[in-house]
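Below is one structure, written out as structure tokens, with a few remarks after it.
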Amino acid sequence: MINMIPSPKKYEQFHRICRLPCRIYTEVEAFQTGCQVFADAFRTLHGVELARERGGIELEADPTLAPGEYRLDTRDGVRAWAADTEGILYALATVLQLTDVSLGQLKIQAVTVRDWPEKDYRSLMVDLSRQWHPFDKLLKFVDICFFFKVKYLHLHFIDGLRYTLPSRVLPNLPTEGTHYSFEQIEILNAYARDRGIILVPEYECPGHSYQCIEKYPDIFSDHAGGKALGSVLNEEGEIVRHRNVVCPSSQASVEATKALLKEMADMFPDSPYIHIGGDEADVSFWNECDDCRRYMEEQGLEGVHELYSEYVGRIAAYVLSLGRTPIVWEGFPKKGHERIPKETIVVAWESYYHMAYDLLEEGFRVINASWSPLYIVPSFECRWNSFDILKWNVHHWQHHWPNSPAYLNPFTVPATDQVLGAILCSWEQTFEMEINAVMENLAAVSERTWTVQRQVSDKEFNEMYQSQRLRLGRLIQDR
């Protein structure tokens, strides 16, 4: 196999090495930024500055290629062709993996490659709320995604422990000392844009919303007798159940949520998606809320679970009105699914609340986040590596949790374009805790989603990964 991840669909290797001057050049205006991105990465890896001249790496446009497709020929110099910036950035990531420097010259094996992604949604998710990540670490995740041709970086900014985004709408909401600034978000947007990485920001509602309720209880908390309800205490005054679900029925709560989503959309102008959470909501609290009881009666809703679906549908519709596509975690119940716009994309992860095959039958598009093997968590019981992921495929779901139907009965859905791709999720860890597993497992996710049919053996993949891990480590080193 050619030493690159993900492995290419069409290639030919030749038994010779091509050596050429340290140069990169293009006359295509749209490819100029890619040249600079490559030159910066190359300087980090090899300590060599690339001249902007002909005779080294040359980038050309080929309008006959499909979006995201590229061609590469390194038999006599390095020439890459693509129809768009997405394709040329994939070509440059390939060249970055294949190129070394020797005696002041570029050195690369003579190959021809023609390649393209089969699944568009290839993603990494990082939890920024449970464990704080300094801003420079976010840029490293962008670099990792670029290196492995992973198109999306999903950032879980908000959860019970922290609200890590800035806000002018509700300025007391950001967690003091552990939130990003507007200026940093602008830098992150530009850095990701230049590397072809699409950011997917996440706002959590109606559950996982403790920060909203704690900072602005009069807006977000449910109410009884006009009083904001607090968490449930035992006889010793200890909290036994957090009220971490926002009120779905009061006008103040809904309008504040919409305002925060609009602020998020404005902060991330390049993202076609806004993730709105939607899972693990303890909706039983709503039975005690005057606003919720009144709203359910007015709307003819049969209980809080139907209110749950109706609320997710309302928020998803609002995201659509912003010109963005809503994404939610699997979480809303099967009953009432018709209240949620079918444009909504569902990340199927638990195989508990709502099965992927039912979501597909109901007309939703889904993203595979099968807990096993696509989760990275601190628990020693849930440790999966690249070999586990290589055995999985994008249409397959399984789980280690006995309560999930996918525990005893893992399932594979028929191949379909409704399964958009997959996401590797890293939860509750610092950068230092997760980085090794992220690099290894993301490489495998890229391998298994770039091309749906398996291409390489465990041994072949491991040899490629061990080689590229050293290169990637240098790319993201502190400097």
(request) Sequence neighbours fewer than 8 away in the same chain don't count; with that in mind, list the aspartates and glutamates whose C-alpha is under 13 Å from Lys262. (result) Glu202
(message) So with the 1.4 Å probe, I'd like the accessible area per residue for the chain, rounded to whole Å².
(response) 39
(message) Spelling out what I want: for every residue of region 205-212, take phi, set θ = phi - 60°, compute 6.51 cos²θ - 1.76 cosθ + 1.60 (Karplus), and round to whole Hz; glycine and proline get x.
(response) 7, x, x, 6, 10, 4, 4, 5
(request) Tell me which residues come under 5 Å, amide H to amide H, from Gln109 once H is placed; ignore anything under 5 positions away on its chain. (result) Cys18
(message) Could you sort the peptides 33-46, 80-93 by per-residue average Cβ neighbour count (10 Å cutoff), highest mean leading?
(response) 80-93, 33-46
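Per DSSP helix of 4 or more residues, -39500 (n - 2.57); summed, then divided by the residues of the chain. What does that give at 222 nm, rounded to the nearest 500? Show your work: numbers first, answer last.
Details: 15 runs with 168 residues, N = 479.
Rounded to the nearest 500, it is -10500 deg cm²/dmol.
Could you work out the local net charge near Gly226, counting Lys and Arg as +1, Asp and Glu as -1, over the other residues with Cβ closer than 12 Å to its Cβ?
Values: positive: Lys227; negative: Asp218, Asp222, Asp290, Asp291.
Once positives and negatives cancel, what remains is -3.
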(request) For region 341-416 and region 11-71, compute the distance between their C-alpha centroids and round to whole Å. (result) 38
(message) In 5 Å bins starting at zero, report the fraction of Cα pairs in region 1-61 per bin as a rounded %.
(response) 4, 15, 19, 20, 23, 17, 2
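I'd like the Kirkwood hydrodynamic radius of the chain, using the inverse of the mean 1/r over distinct C-alpha pairs, in Å.
Hydrodynamic radius (Kirkwood, Cα only) of the chain equals 23.7 Å.
Quick one: compute the contact order of the chain, relative version, from alpha carbon pairs under 8 angstrom and 6+ residues apart, as a percent. Please report the intermediate quantities before stating the final value.
On the way: 1001 pairs, mean separation 70.2, N = 479.
That works out to 15 percent.
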(request) Relative to the longest principal axis of the C-alpha atoms of the chain, give the angle of the C-alpha long axis of helix 182-194, reported between 0 and 90° and rounded to the nearest 10°. (result) 40
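Can you give the FRET efficiency to the nearest 0.05 for Glu298 and Asp266, using r as the Cβ-Cβ distance and R₀ = 25 Å? Display every interim value, and only then the final one.
Working: r = 32 Å, r/R0 = 1.28.
So the FRET efficiency works out to roughly 0.20.
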(request) Quick one: pull the percent of accessible area on the chain belonging to carbon and sulfur, 1.4 Å probe, ligands and nucleic acids left out. (result) 48
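Which value in Å is the Kirkwood Rh of region 1-112 over different Cα pairs?
Details: mean 1/r = 0.0720 Å⁻¹.
Over region 1-112, the inverse of the mean reciprocal pair distance is 13.9 Å.
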(message) Angle check, please: helix 304-321 long axis (alpha carbons) against the longest principal axis of the chain (alpha carbons), in degrees 0 to 90, nearest 10.
(response) 50
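Among 384-390, 198-204, what's the highest-first ranking by average C-beta atoms within 10 angstrom per residue? Before the final figure, lay out each step's value.
Working: 384-390: 19.0, 198-204: 23.1.
Highest mean packing first, the order is 198-204, 384-390.
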(message) Just to confirm my understanding: which cysteines in the chain have no other cysteine beta carbon less than 4.7 Å from their beta carbon?
(response) Cys18, Cys22, Cys35, Cys145, Cys205, Cys212, Cys247, Cys382, Cys425
(request) Work out from phi, with θ = phi - 60° and the Karplus expression 6.51 cos²θ - 1.76 cosθ + 1.60, the ³J(HN,Hα) of each residue of region 345-354, listed in order in whole Hz, and give x for Gly and Pro. (result) 9, 10, 8, 8, 10, 8, 6, 9, 6, 6
(request) Extending each Cα 7 Å along its Cβ direction at Lys335 and Lys459, get the distance between those two points in nm, one decimal. (result) 5.5
(message) To make sure I understand the rule: partners must be lysines, Cα under 16 Å from the Cα of Lys227, and not fewer than 8 residues away in the same chain. Which ones qualify?
(response) Lys215
(request) Would you mind putting 221-227, 263-269 in packing order, based on average other-beta-carbon counts within 10 Å, highest first? (result) 263-269, 221-227
(request) Run the quick spin-label model on Glu255 and Asp40: label points 7 Å from Cα toward the beta carbon, then report their separation in nm to one decimal. (result) 4.2
(message) Can you give me the long-range amide H partners of Arg365? Hydrogens built in the peptide plane at 1.01 Å from N, cutoff under 5 Å, separation of 5 or more residues or another chain.
(response) Val346
(request) Only bridges with both residues in the chain count here: give the DSSP antiparallel percent, nearest 5. (result) 40
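The values are calculated or read from the model by the stated rules, or taken from the named source; none is laboratory data. It should be emphasised that the depicted structure is a prediction, and the values quoted were computed from it without experimental measurement. FYI the Cβ positions are ideal-geometry reconstructions off the backbone, even for glycines, and counts take in every protein chain you see. SASA here: full protein model, heavy atoms, side chains in, ligands and nucleic acids out. Shrake-Rupley method; radii C 1.70, N 1.55, O 1.52, S 1.80 Å.
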